[in-house]
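Only the coordinates and a few stated rules stand behind these numbers; no lab work does. Fair warning: this is a prediction, and the values are worked out from it, not measured in the lab. All Cβ positions, glycine included, derive from the backbone under ideal geometry; neighbour counts span all protein chains shown.
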Amino acid sequence: MKKLQYGILSTASIVERFVRAVQSTTHSDVAAIASRSLQKAQAHAQKLQIDKAYGTYQELFNDPKIDIIYIATPNEHHYQDIKNALNQKKHVLCEKPFTLTSQQAREVFQLAQEKQCFLMEAQKSVFLPTTLAIKNYIQTQELGPLLQIDISSSYTGRHPEGHWMNQPHQGGALIPSGSYTIEYLNFIMDQPADHYHAHYTQMTTKAIDEVSLNLKYGNVLAHSFISVKTNTKNTATFFFEKGYIDVFEFWKARGYTVHHWETNTKTHYPLPVDYEMMYEVDHLYECLKEKRLTSPIMSPQATLTCIEMVEAIQKSASI
Ligand SMILES: NC(=O)c1ccc[n+]([C@@H]2O[C@H](COP(=O)([O-])OP(=O)(O)OC[C@H]3O[C@@H](n4cnc5c(N)ncnc54)[C@H](OP(=O)(O)O)[C@@H]3O)[C@@H](O)[C@H]2O)c1
């Protein structure tokens, strides 16, 4: 297959990390970037060594050289941006959270089928070598059966008041970041949670700023704090019969530490990588090579299950 040509939608802060990840591969490249401002697009194109810069999003959708659009716009725009890209017959990788409602997600996955285009939520956590290593410990029972999971993630002080990430319908802790925890756990456990419930607090804008999630996967209980107000350990801990494994910053993990109860010893296994998004970029290339329209890992169902959970929690918070 020829090199995959990406078009980047927006000059969001996440864009540089994604572009560097694509550029670090041998199979994909970034051909163009679009912004609502030509000046911003040109500045980013120069900084990130991208050939073309567009001052409108539509020009990117229309560019015949672009195979796939990476969407990194505010969360409430994802739905319309996905539709705009698909309607120009572009494959799409859309940043998490995929869409704000499950109805929107169903609609765009249906449209992708109609247009015969690939569509996937950008959920890098499920493609990381560390994630696969943890899943392997669970499946092989090398440390005995998995008994419990304790997981926390915090993203404090990232956005000033007034930033769209503080708006209740598209910001806070749950909507932007809940998918890291939920999709990561559902992937690791090979099934969606059988039961879950949540407690939360809200900021003055009414956006959920901290959520405490209790989930049940068969006989395994999991607890997760997701916060934009309290710094947490940002660690996922998997408790097994013979020890436990710590994963620091599980959503972009670069290794893990195994603790053995019996010998009271620990071993760190580093898995360094320059750009952690390259694993999802590799996966996407493989999917397109195999002419798939959806990912078998970050599947439409995986995305829908997560959005439905977030919707249920939001409903209980009257958002
Ligand atoms: N996977 C990850 O690791 C990760 C990490 C962080 C964020 N994200 C996701 O990536 C997306 C972008 O997040 P971010 O924090 O990087 O965004 P950001 O820095 O706030 O940038 C958002 C961009 O969207 C464009 N935009 C279009 N309409 C806009 C509007 N009405 N108001 C503001 N901006 C508008 C702007 O680009 P132009 O001005 O160039 O048009 C802006 O730069 C979100 O969906 C977020 O959840 C993912």
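Worth a mention:
- Which listed residue, of ILE82, ILE68, is in contact with a Ser or Thr (Cβ under 9 Å, 6 or more places away or on another chain), in contact (Cβ under 8 Å) with a residue 24 or more places away in the chain, within 17 Å of LEU4 (Cβ to Cβ) and more than 8 Å from the ligand (Cβ to nearest atom): ILE68
- Residues satisfying the stated conditions in region 61-83, i.e. within 19 Å of SER13 (Cα to Cα) and part of a helix (DSSP H, G or I): ASN75, GLU76, HIS77, HIS78, ASP81
- Verdict on THR99 being more than 17 Å from PHE118 (Cα to Cα), in contact (Cβ under 8 Å) with a residue 12 or more places away in the chain and either within 13 Å of the ligand (Cβ to nearest atom) or buried (at least 22 other Cβ atoms within 10 Å of the Cβ) (or both): no
- LEU132, sole failed condition from (1) of a type outside the set (S, T, N, Q); (2) within 26 Å of LYS291 (Cβ to Cβ); (3) within 16 Å of the ligand (Cβ to nearest atom): (3)
- Residue list for region 190-219, restricted to those being under 13 Å from LEU146 (Cα atoms) and buried (at least 19 other Cβ atoms within 10 Å of the Cβ): TYR217
- Checking each residue in region 108-138 for being over 19 Å from the mean Cα position of the chain (by Cα) and free of Cβ contacts under 8 Å to residues at least 40 places away in the same chain picks out GLN110, LEU111, GLU114, LYS115, ASN136.
- Residue list for region 1-58, restricted to those being of a type in the set (Val, Ile, Thr) and either surrounded by 17 or more Cβ atoms within 10 Å (Cβ to Cβ) or outside any loop (DSSP other than H, G, I, E, B) (or both): ILE8, THR11, VAL15, VAL19, VAL22, VAL30, ILE33, ILE50
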